[in-house]
Amino acid sequence: MPACCLLGSGHAVPERVLTNADLETLVDTSDAWIVERSGIHQRHIAEPGSALSDLAAQAANQALAAAQLPASEIDLILVATVTGDFKFPAMACLLQEKLGAHQAAAFDLSAACSGFLFGLHLADSLIRCGGHRHILLVAAEMLSSMVNWQDRNTCVLFGDGAGALVLGPARTSAGLLSSVIHSDGRQHGLLYNPAGSQHPLTAADLASGFATIHMEGREVFRHAVVSMADALQEALHKAGIAQDDLDLLIPHQANRRIIEAIGKRFGLPAERVYINVDRYGNTSAASIPIALDEAWRSGRIQAGQHVGLTTFGAGLTWAAAILRF
C-alpha cells in the first residue's frame, strides 16, 4: 500500500498575545533575559474558560478546506495532546462532534511535544495497511492551563495553539518517506506534571503550583539536541536521502538555541531551517504542524522538495520524519 500523503493543512492560535513586556509585570524576568535564553518574543495565550477543542476545530476546518475534502470523508481522527478539555472522554471525540465527522473513529495520543510525529508515524502505518483512507491528524495544546506563572524558568516558554493535517494514500512519489519514534521512560522526571492518579489534587496542591509543569532545563536541553539530531539522521538514512538534499528542516519550536544547534550539526544554512518560536513560543505537539502549515501556505515549501521534521518531548520521547512534497 502507498505511504500517506499530506492533502491539506491548517493551524489556529488564540487572539490574545502575551509579550515579554507583559511577562515583566507578572514575574521577575525581562525581555532581554527571555530572548537570550529562548529566542521567544511573544506567545499566544487562550482566554480563561476557552475550549481547546474549539481551537482544534478551527485548524481542522482549514485543513479540510485545503484538502477539498468534507468531514464526512474522514474515517479516523487522531488528536495529539496532553491538555484536552477533559480528563475523559478523548478530545478527539469532542472534535468529531464539532466537525460533524460522525462516521470517523476518534481517539487521543499522549506523547507530549513529540505527539504530532508519533501520530504521523501511526497514521502512515494505518494508511499503508489499508485500515483507513483519510485520517485527520490534529495536534493541539493549551499549556497555559498548566503553567506556574510564578516560575520564570517555565512560564516564559510556552504558548497555546493547534495544527492539523489531512492525510491520505499517496498517488505520486510525494508523501512520507520515513518516520522514526523513540522513548526513554527512565528520564521521565526531567519534564513532567505530577498531578494524576498517583497524587489526587488537593486545595493545597492547587495553591502551591504543584499541578504545573516541572522541568530540569539544562538536562532537557542536552537530551533534546542529541536526540533530535540522532532521530533526524536515522530518518534521513531510512528514507535514502542525503542531508545535503534536505530543502527545509522544521524542528520542534521549543528554543531557538536548540533549533540553531540542530541546524549546525547538519550544516544547514539559516534559510533552510524554519523558525517561528519567536512568535509562538513552545506550543508542544502543535509546534511542528503550525510551522509546517505556515511554510506550505507561504510558498516556503515547493513541490518536489524534501522536508525534515524532528522533535523531542517529555517521556522522554523523540521522533523525526522525512516528507517529499
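Structure notes:
- The stretch 79-90 - phi-based ³J(HN,Hα) in whole Hz, Karplus 6.51/-1.76/1.60, Gly and Pro as x: 10, 8, 6, 10, 10, x, 4, 10, 4, 7, x, 4
- Residue by residue, the stretch 125-130 carries 3J(HN,Hα) couplings of 5, 5, 6, 4, 7, x Hz when phi is fed to the Karplus relation 6.51 cos²θ - 1.76 cosθ + 1.60 (θ = phi - 60°); x denotes Gly or Pro.
- Accessible area per residue in Å² at 1.4 Å probe, computed on the stretch 173-227: 59
- Largest to smallest accessible area among T202, T311 [probe 1.4 Å]: T202, T311
- Distance between the pseudo-spin-label points of V35 and Q302 (7 Å out from Cα toward the beta carbon): 3.3 nm.
- G8 long-range amide H proximity, modeled H, under 5 Å: V166
- Förster radius 22 Å - calculated FRET efficiency between T202 and F86 (Cβ-Cβ, nearest 0.05): 0.65
- Other residues with beta-carbon under 14 Å from the beta-carbon of I77 carry, at +1 per Lys or Arg and -1 per Asp or Glu, a net charge of -2.
- Surface share of carbon and sulfur [accessible, 1.4 angstrom probe, percent] for the chain: 51
- Over the stretch 1-158, accessible surface divided per residue gives 42 Å², non-protein components excluded, 1.4 Å probe.
- Reach of K98 by Cα under 23 Å, taken over lysines that are not fewer than 8 positions away in the same chain: K87
- Amide H contacts of N282: F158, G159, each under 5 Å away and 5 or more positions distant or on a separate chain (H built 1.01 Å from N in the peptide plane; Pro and chain starts excluded).
- A simple rule links phi to the HN-Hα coupling: the Karplus curve 6.51 cos²θ - 1.76 cosθ + 1.60 with θ = phi - 60°, which for the stretch 148-162 gives 8, 6, 9, 9, 5, 6, 10, 5, 7, 8, 9, x, 10, x, 8 Hz, with x for Gly and Pro.
- R16 paired with V226, simple spin-label distance in nm, labels 7 Å along Cα-to-beta-carbon: 3.9
- Residue-level accessible surface for C113, protein heavy atoms, 1.4 Å, Å²: 20
- Look at where the Cα atoms of the stretch 102-162 and of the stretch 212-261 average out, and the two centres are 18 Å apart.
- Only protein heavy atoms count here; on that basis, with a 1.4 Å probe, D160 has an accessible area of about 0 Å².
- Choice from M91, M228, M215 showing the highest fluctuation, given a GNM over the chain with Cα pairs closer than 10 Å: M215
- From the alpha carbon centroid of the stretch 1-79 to that of the stretch 187-206 is 25 Å.
- Reachable lysines from K264, criterion Cα separation under 27 angstrom, eight or more residues apart if same chain: K238
The values are calculated or read from the model by the stated rules, or taken from the named source; none is laboratory data. All figures in this text were calculated on a predicted structure; none of them were measured in a lab. Virtual Cβ from ideal backbone geometry, glycine too; neighbours counted across all protein chains shown. Accessible surface areas use protein heavy atoms only, side chains included; no ligands, DNA or RNA. Shrake-Rupley method; radii C 1.70, N 1.55, O 1.52, S 1.80 Å.
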